[in-house]
Amino acid sequence: MAGGIFSPLGSCSELEKANCHPLVCLLCHEPYQQPCLLDCYHNFCASCLRGRASDGRLRCPLCGHPSVVRGGTGLPPVDRLLQFLVDSSADSEEDVQCANCDRCCTKAELDTMYFCNTCGQPLCAPCREETHRARMFARHEIVSLSKRTKDIHKKCPLHEEPYIMFSTEKKSMLCINCFRDMQGESRAHCIDIETAYMQGCQRLDQAVMAVKELQTSTREAIVLLKAMIEEVRNSASEEEAAINSLFSRMQEQLSERKKTLLKAVQSQHEEKEKAFKEQLAHLACLLPTLQVHLVTCSAFLSSANKAEFLDLGYQLMERLQRIVKLPHRLRPAQTSKINSEYRAEFARCLEPLLMLSPRRSVVGSAGGIGPGITGTNMLPGGQCSKTLMVPSCPPTSDKMSTGPMVKKPTMHRYISTKVLLAEGRETPFAEHCRNYENTYRMLQMEIQGLKDQVQELHRDLTKHHSLIKSEIMSEILQKSLQMDVQIAAHYSAVEMMRSVFEEVWEETYQRVANEQEIYEAQLHDLLQLRQENSCLSTITKQIAPYVRSIAKVKERLEPRLQEPQEPKEEQAQMLLKICDDNE
């Protein structure tokens, strides 16, 4: 037994295969000796658990559940119920010997044995008829051996009186003295032994029924889990087979396309090499001709006099000019770069196998706008999102005016949302779209108002070089900051709904493909609004110093523009006086 104390138990499937006797320890495989009950309701012998506790905790050898151990023994309390069953089983398995004739009875004859509760001794059937039929044994309580009772269960150990009552409050039996010593309130919870036994049997039946229901549910759950394990195994096999098959087909397609591309590269190489060699041969033939004419020209200049030069010189010059004007291919007719578009060709040959649908990626892994493939978005339960993304359009410029790239997703989202809401389906995404449209319309109106104000300031600054109200700058900046906070909060709220919607999209992917596109367009529109708002803030901050400087210059110039008015009036009065004098 000691060799198997600390040996680890196998899995629960091994216990299920084995014939587990309820009175046999699972560690030593022998009848329980001082069975101890753990917090997980598993029983083991005290000797099997001794030495396993650590820091006041003892981990169950079967399920691993920790149990708190109190006291210096390092063991959980003894299970009295199981100990009673073990003792009863041991008593039933003992060889029974008649107290009168010393006759030993086999197990097959135990049903014919009797037990005198008054004498506390077993009797065989002949001795019961011969000895205990006398008048002096008339009051002895003789029962079948299987229904014998023990004094320890019949009398109170404190008062040595038989039990007559049962306390439902303390869950203990009482003798007459125990009942008298109790208070009046506690006596109300006392009933007789027979009634307590009947009530206890009813409650035990209810508890047994609950346990049986749990047992049935547990067996069903085990069958279900076994079936799911088998399904997982089959699904893994099917997935592996599909991966291998797809990979093989991809290899075949890539191999065929590779051969085609290599042939195309070789064809381009031969064509370009032939063209370059022809051009090289032409230039190789041209170079000696040029060299000969240059030498001829040099010799003619050195040997001819003036008359000979004037006679033949112009002929030489015309020849040289004709040579220069001939169509010589000095520059390469084509580039040396061989381009087979192999990336596009490989992607094109894999597209039918992968069945990639063009999707727009709005938010990448870092939260920005850019290309990405979100095929690894894990859902609760280990599932994976099927949302496939392709590289999106580049971000817009810093201009405030919205280009076609902004209007396209906005208009597409608007039309798709109208179609979705017109279907009349009461889904969480439809309710989300209704709320989103109201919030987005409000944010868009406020952004448009800020945009108009900034455009007006920009126009006044660039064209009129004047500013009517300088206080509006701080108001625009403040509103822009508030709008940025609102858009960020709304974007975060929409982003938090991603996991909820992706679960629905995973279940019915084909039906909600349109919803995904609307959702991504919504995020794109919010990011675009935020980008426009950021551009507005940047422009406002850039023109703010110029606006302040112009305002200061205007304040300085206003007094000077008002001063020359008085001299003009004095001059007019002087002219009037001169006219009067002349008259």
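Here are some notes:
- Pairs where the first residue, in region 51-80, is over 14 Å from Leu37 (Cα atoms) and the second is exposed (fewer than 11 other Cβ atoms within 10 Å of the Cβ), C-beta under 9 Å, 6+ apart: Gly56/Arg70
- Here Asn43 passes the criteria (1) closer than 13 Å to Val78 by Cα; (2) at pLDDT below 85 except the one numbered (2).
- Hits in region 255-300 - residues which are open to solvent by less than 100 Å² (accessible area, probe 1.4 Å) and basic (Lys, Arg): Arg257, Lys272
- Of all residues in region 462-508, those satisfying the criterion of being at pLDDT below 80, in a loop (DSSP other than H, G, I, E, B) and surrounded by 14 or more Cβ atoms within 10 Å (Cβ to Cβ) are Leu467, Ser470.
- Condition broken by Asp95, with the remaining ones in (1) surrounded by fewer than 17 Cβ atoms within 10 Å (Cβ to Cβ); (2) modelled with pLDDT of 75 or more; (3) touching a strand residue (DSSP E or B) at 6+ places or on another chain (Cβ under 7 Å) satisfied: (2)
- Residue in region 236-258 that is assigned to a helix (DSSP H, G or I), hydrophobic (A, V, I, L, M, F, W, C) and over 30 Å from Glu345 (Cα atoms) present: yes
- In region 301-353, residue least open to solvent (accessible area, probe 1.4 Å) [restricted to those that are in contact (Cβ under 8 Å) with a residue 60 or more places away in the chain and not in a loop (DSSP other than H, G, I, E, B)]: Cys349
- Tallying residues that are part of a strand (DSSP E or B) and closer than 27 Å to Thr118 by Cβ within region 156-190 yields 6.
- Scanning region 533-552 for any residue that is modelled with pLDDT of 70 or more and in contact with a strand residue (DSSP E or B) (Cβ under 8 Å, 6 or more places away or on another chain) turns up nothing.
- Residue check, Tyr163 touching a Cys at 6+ places or on another chain (Cβ under 7 Å), free of Cβ contacts under 8 Å to residues at least 60 places away in the same chain and among the aromatic types (Phe, Trp, Tyr): yes
- Condition met for Ser534 (open to solvent by less than 30 Å² (accessible area, probe 1.4 Å) and assigned to a helix (DSSP H, G or I)): no
The values are calculated or read from the model by the stated rules, or taken from the named source; none is laboratory data. These numbers were taken from a predicted model, which means no experiment stands behind them. Note that each Cβ is placed from the backbone with ideal geometry, even for glycine, and that neighbours are counted across all protein chains shown. Accessible surface is based on the protein model in full, side chains and every heavy atom, while ligands, DNA and RNA are left aside. Shrake-Rupley method; radii C 1.70, N 1.55, O 1.52, S 1.80 Å.
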